[in-house]
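Undergrad: One structure coming up, written as structure tokens, with questions to follow.
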Amino acid sequence: MNSLEHDRKILQEAIDSSRNVVFFGGAGVSTESGIPDFRSKDGLYHQKYAYDPEEIISHHFYEQNKEEFFRFYRERMLVLDAKPNPCHLALAELEKRGKLSAIVTQNIDGLHQKAGSKNVIELHGSILRNYCEDCSRFYDGTFVKNCPTLVPRCPHCGGVIKPDVVLYEESLDVHVMTKAMIAISEADLLIVAGTSLVVYPAASFLNYFQGRELILIDRNPEKEDERADLVLHQNVGELFGGIR
């Protein structure tokens with residue numbers, strides 16, 4: 001039995017022996033679907049742009065330089081053709097089986113829903129939802145992607161259409177935060193995967209976990225977390241590929 005098979009067996013046993021599993025995921029969950037993360041060596045923050053990517057996706061930059069914001073957003077973040085990978089699909093099946101009660105995600109790509117998951121708590125919003133800042137009409141991601149103007153405008157009132165995502169300097173939705181905290185606090189098994197655990201307040205939600213076991217999945221062999229009962233150094237999609 002190789003390392004991947006061994007770790008998958010351990011993860012499967014932990015899931016089988018639990019009654020209420022919650023999955024907490026970050027950008028690393030979607031990298032195997034072709035969506036770049038932010039902080040890895042190939043992530044967006046390590047690529048060269050006219051402005052620092054972390055600044056581009058901040059509230060003040062959005063307000064001051066909408067053209068550059070939407071140029072970056074539409075080119076690098078508005079990924080609509082990505083497909084769910086084995087992790088997304090396995091989690092959807094676990095939910096159908098009644099094993100998984102909730103997914104708490106920092107991702108904005110909508111891949112969990114595309115895979116079939118129902119109870120997905122999106123901490124940072126979604127690229128699939130966009131709203132006019134003037135009249136509040138909602139538009140999907142395809143409308144924004146195909147909009148003939150760089151800064152998408154509402155065809156009804158001419159207002160700017162803003163992505164329903166949480167930018168740096170913006171606050172998380174209180175109701176979404178509460179749902180995430182409750183889900184994590186009620187879990188007996190919390191699986192944390194694909195996140196650097198450095199983005200707050202999302203990373204602090206782990207403090208609400210009071211269950212039996214916390215498993216951290218991270219491909220970085222140097223990555224450890226003192227809160228975790230078990231750390232598995234594997235690619236998330238590969239590890240979940242055989243989970244039932």
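Undergrad: Could you tell me which numbered condition V174 fails, if it satisfies all but one of (1) at pLDDT below 95; (2) aliphatic (A, V, I, L, M); (3) exposed (fewer than 13 other Cβ atoms within 10 Å of the Cβ)?
TA: The one condition V174 does not meet is (1).
This table checks each residue for (1) under 27 Å from V236 (Cβ atoms); (2) surrounded by fewer than 19 Cβ atoms within 10 Å (Cβ to Cβ); (3) modelled with pLDDT under 95.
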| position | (1), (2), (3) |
| --- | --- |
| D37 | yes, no, yes |
| K41 | yes, yes, yes |
| H59 | no, yes, no |
| A82 | yes, yes, no |
| N85 | yes, no, no |
| A90 | yes, no, no |
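Undergrad: Spot the failing condition for T149; the list is (1) closer than 21 Å to H112 by Cα; (2) modelled with pLDDT of 95 or more, and only one is missed.
TA: Just one mismatch for T149, condition (1).
Residues checked against (1) closer than 30 Å to S18 by Cα; (2) of a type in the set (D, E, K, R):
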residue: P53; (1), (2): no, no
residue: K66; (1), (2): no, yes
residue: R71; (1), (2): no, yes
residue: S101; (1), (2): yes, no
residue: F138; (1), (2): no, no
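Undergrad: Under the condition of being without any contact (Cβ under 8 Å) to a residue 40 or more places away in the chain and surrounded by fewer than 15 Cβ atoms within 10 Å (Cβ to Cβ), which residue from region 154-171 is nearest to L206 (Cα to Cα)?
TA: Quick first cut of region 154-171, residues without any contact (Cβ under 8 Å) to a residue 40 or more places away in the chain only: 154-159, 161, 164, 171.
After this cut, where a residue has to be surrounded by fewer than 15 Cβ atoms within 10 Å (Cβ to Cβ) as well, the list is 155-158, 171.
On the way: P155: 42, H156: 43, C157: 42, G158: 42, S171: 18 Å.
Residue satisfying both the conditions and the ranking: S171.
Undergrad: Out of all the residues in region 134-153, which are more than 21 Å from the chain's Cα centre (by Cα), open to solvent by 10 Å² or more (accessible area, probe 1.4 Å) and closer than 27 Å to I121 by Cα? Steps first, answer last, please.
TA: Taking region 134-153 as the starting set, the residues that turn out to be more than 21 Å from the chain's Cα centre (by Cα) are 134-138, 143, 146-153.
From the residues that got through so far, the ones that are open to solvent by 10 Å² or more (accessible area, probe 1.4 Å) too are 134-138, 143, 146-151, 153.
Correct list: D134, C135, S136, R137, F138, F143.
Undergrad: Within region 1-14, can you find the residues that are open to solvent by less than 50 Å² (accessible area, probe 1.4 Å) and either touching a strand residue (DSSP E or B) at 6+ places or on another chain (Cβ under 6 Å) or among the small types (G, A, S) (or both)?
TA: Residues satisfying the conditions are D7, A14.
Undergrad: Pick out the one residue from R97, R129 that is open to solvent by 40 Å² or more (accessible area, probe 1.4 Å), in contact with an Asp or Glu (Cβ under 8 Å, 6 or more places away or on another chain) and not polar (S, T, N, Q).
TA: Details: R97 fails: in contact with an Asp or Glu (Cβ under 8 Å, 6 or more places away or on another chain).
It is R129.
Undergrad: Here's a follow-up. Checking the conditions here, which among E238, E213, E226 is more than 20 Å from Q106 (Cβ to Cβ) and touching an Asp or Glu at 6+ places or on another chain (Cβ under 7 Å)?
TA: E213
Undergrad: What's the total number of residues in region 24-35 that are within 11 Å of the chain's Cα centre (by Cα) and either at pLDDT 95 or above or surrounded by fewer than 17 Cβ atoms within 10 Å (Cβ to Cβ) (or both)?
TA: Count: 4.
The values are calculated or read from the model by the stated rules, or taken from the named source; none is laboratory data. None of the values given here were measured: they were computed from a predicted structure. All Cβ positions, glycine included, derive from the backbone under ideal geometry; neighbour counts span all protein chains shown. Ligands, DNA and RNA are stripped out before the accessible areas are found, and what is left, the full protein with its side chains, is counted by its heavy atoms. Shrake-Rupley method; radii C 1.70, N 1.55, O 1.52, S 1.80 Å.
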